[in-house]
1. Could you give log10 I(q)/I(0) at q = 0.16, 0.18, 0.21, 0.27 Å⁻¹ for the range 1-68, computed by the Debye formula over C-alpha point scatterers of equal weight, without solvent?
2. Which listed residue (79, 7, 23) has the Cα farthest towards the positive end of the charge dipole for the range 1-91, taking +1 on Lys and Arg C-beta and -1 on Asp and Glu C-beta about the Cα centre?
3. How high is the relative contact order of the range 1-81, in percent, counting Cα pairs under 8 Å that sit 6 or more residues apart?
4. Please state the shape class of the range 28-109: rounded when a/c is under 1.5, otherwise prolate if a/b exceeds b/c and oblate if not, all from the C-alpha gyration tensor.
5. Could you give the accessible area per residue of the range 5-81, probe 1.4 Å, as a whole number in Å²?
6. Report, to the nearest whole %, how much of the accessible area of the range 1-84 belongs to carbon and sulfur atoms, 1.4 Å probe, protein only.
7. Give me the dipole magnitude in Debye, nearest 20, for the range 1-78 about the Cα centre, with unit charges on the beta carbon: positive for Lys and Arg, negative for Asp and Glu.
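The values are calculated or read from the model by the stated rules, or taken from the named source; none is laboratory data. What you see is a predicted model, and the numbers here were worked out from it, not measured in a lab. A quick note on method: Cβ atoms are made from the backbone with ideal geometry, for glycine too, and the neighbour counts reach across all protein chains shown. Surface areas here come from the heavy atoms of the whole protein model, side chains and all, with no ligands, DNA or RNA. Shrake-Rupley method; radii C 1.70, N 1.55, O 1.52, S 1.80 Å.
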Amino acid sequence: MRNFSTWILVMFMVMFWIFRIIIAVTTEFGIDFAGITAQNMNLEVILLFVVLLCLILIVKRKIVGALIYLLAYGMYFGVDLYNNIMVMIAGTTLPLGATLSAFISLVGMIIPIAILFDLLADKNRKAHPVDKKTDWFYKNEQFDRKLDDRADKNNYRTL
């Protein structure tokens, strides 16, 4: 994780994960947290553990982690976001709790998409890294000796 954008996105991911833990705990104990409740408590707990696994994979720069994260949040928050958007399109006004739930679902969909795009954009840099400590040796062809037939043919520059 060398990019500033990756650090920021992972921090947002962790903050949203902690927020979802708070929502799950307050829903379980029946405490009103600004009208926000978990949609499905069993799925919420499973999703919290899946996101923890995805967090580790995303920090290790694995696209599989971002895809699982997007799929899990898409199934959980995407359905709620779609239903709320359809209600808004129909012209019905949503109560405050449902509007806040739609906003949280929107944030829950934006973060995985942004993480997936960040990992896809950074894939080229991971495949062709730039290391100033060794590039001067391996990429400086001007200092290579011109060898004749009697020279040692061993390849001392190995990657």
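1. Scattering profile of the range 1-68, log10 relative to I(0): -0.60, -0.71, -0.86, -1.14.
2. Towards the positive end, the residue furthest out is 7.
3. 25
4. Oblate.
5. About 55 Å² of surface per residue is accessible.
6. Carbon and sulfur together cover 76 percent of it.
7. Dipole size: approximately 540 debye.
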